[in-house]
Amino acid sequence: MKNRFLLLSILFFSSCAIDIDGPELLSISPAFGEMVQDRKPIIEVRFDEPIAPATAIDAFSLSEDNGGKISGDVTVSNRTIYFTPDNELNGGSIFRITIATSLEDIHGNKFTTEYYSRFQIGTNSIPPAAIFLNPTNMEHRSNLTNSIVVAFSRAMDTRSARENISLTPQVDGQFIWNTATNILTFVPMKPLSAATHYTFTLKPDLCDTEGVRLGRDSTLYFTTGTNFFQPAVLGIFQYGDFLPYPQRFWTNYYNDGRREDALVICFDQPMDRVLAESAFSITPSVDGYFSWDRQADGTSTYHQLLFHPVTPFSPGINYQATVASSAKGENGLTLTGDYQLHFSVSTNYLVRISTISNIADIMMTNKMITEISAVSNTTFFIKFSTFTNAPMDIVTVQLNISVSRLFGAGNNSFGGAIRGFNWSLGGSMLELEVDSISSSNVYLLTIKGGQDGVKDVSGNWLPESQEVLFRVQ
């Protein structure tokens, strides 16, 4: 009987195990010694069992090396502590994470050994830049075994390359870095296919040695072999857009075009000049002329067709640019189909004011009160500029410029009267004569913008009203 009772007791207690071990730390982020670019990182500490929230809040601390404790919000979710600092951390500084032995699991077992970890906040927030050395963008290469060479603006994290660099169509290859890890050579394991479009892409998560990400795709387009393939339009952008490919290509229904800049139509191979130009059209029709991209020696590769508008594009009109399938490459093959792009011109590129002088030659910023030297009258020189270089409409200017007194006293109830409008520089420079002003008074010069404000003779308007506060010394 005793033996049977003893056996039952052993079975009972063995099935009701008591937790007497303290929590053990499994992972911490940022990791020990890690360089972090986020100035307000979320710190995550994970344990092997649920922990008591009240003890976690007391046991966790973050401090700057040789500095004070960092304030922030500590939260607990089951077996994980999260800490978010109240303010951004100092760039270049080292920070220390401490987990004290006062931490307990939900059964009251204590964390046995105080734990320390360190990480650093980086100082560089500008993404690294990449330049494709060989081949160059949209190059036609006949050698099918050449490597791809990319130069970076600073040392790169070579570990992130394999997951964040791709060649399409896919070709396996070897990544070779120079000693400074700022030049990458991709060596294909087998020759590339002839007459093929290739895209070599550096993905956004490719990062430098400080952990700063590229942030967006950087893409190289090139083709191989002889021209046994139909040409294609890679995209259209406007001359003066200096973003790298392909970010500069406009997406359909682009609405931020400029009035006078040329449209650049990019093809993936040399084109037949006459047939490509005849295949291009814009609706509604805009007068213009063509030119082609030029090399340093003055010759053209006939990859980029430029359309220069003689009559500027008009704001508020939806245009359609079309490259018809009749366009041919130098190999005699046509496009696979029509290429179309819808775009419009931004209303921000209209009339603007370059300067207002006799106000210490300042631009209109923050409406700061500007001191001028005058007794009872003064003269302002207002320089207007437009993308069409058209003169200003004198009537709309006279109706939409005013001077009024905001503060002070004077005999003239108007407190600032415009006496004369005089024009020069082909109708772009206005000499505005103002009288009936008194010292110490504060005046407001207003130039009304919008579609019912000042305009040039082509009907273009100042996007928004401009105001300047001034007073007499």
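Take the Cα of Ser291, step 7 Å toward its Cβ, do the same at His342, and the gap between the two points is 3.2 nm. Averaging the sequence gap over all C-alpha pairs within less than 8 Å and six or more residues apart, then dividing by the number of residues, gives the range 233-345 a relative contact order of 32 percent. Derived scalar couplings between HN and Hα for the range 114-120 equal 4, 10, 10, 9, 9, 8, 10 Hz in order, rounded to whole Hz, by the Karplus curve 6.51 cos²θ - 1.76 cosθ + 1.60 (θ = phi - 60°), x for Gly and Pro.
Cα convex hull, the range 48-178: 196 Å³ per residue, rounded to a whole number.
Taking all Cα-Cα distances within the range 25-121, those exceeding 16 Å account for 51%.
Sorted from greatest to least, the principal axis extents spanned by the alpha carbons of the range 145-291 come out as 54, 36, 22 Å. Counting only aspartates and glutamates at least 8 places from Lys383 when in the same chain, those with an alpha carbon closer than 13 Å to its own are Asp361, Glu431, Asp456.
According to the calculation over all Cα-Cα pairs in the range 130-224, the P(r) per 10 Å bin from zero is 16, 54, 26, 4 %. Where the alpha-carbon atoms of the range 233-345 are placed on the principal axes, they occupy 40, 31, 26 Å, in descending order.
Take the Cα of Ser314, step 7 Å toward its Cβ, do the same at Leu399, and the gap between the two points is 2.0 nm.
Here Lys69 is the anchor, and the aspartates and glutamates within straight C-alpha reach of less than 12 Å, apart from those fewer than 8 places off in the same chain, are Asp86.
Each part gets one Cα centre, and for the range 75-97 versus the range 112-173 those centres are 29 Å apart.
Bear in mind that the values in this text are calculations on the coordinates, not laboratory data. Note that the structure is predicted; figures quoted are calculated from it, not measured. Neighbour counts are summed over all protein chains in view; Cβ atoms, including those assigned to glycine, are modelled from backbone coordinates with ideal geometry.
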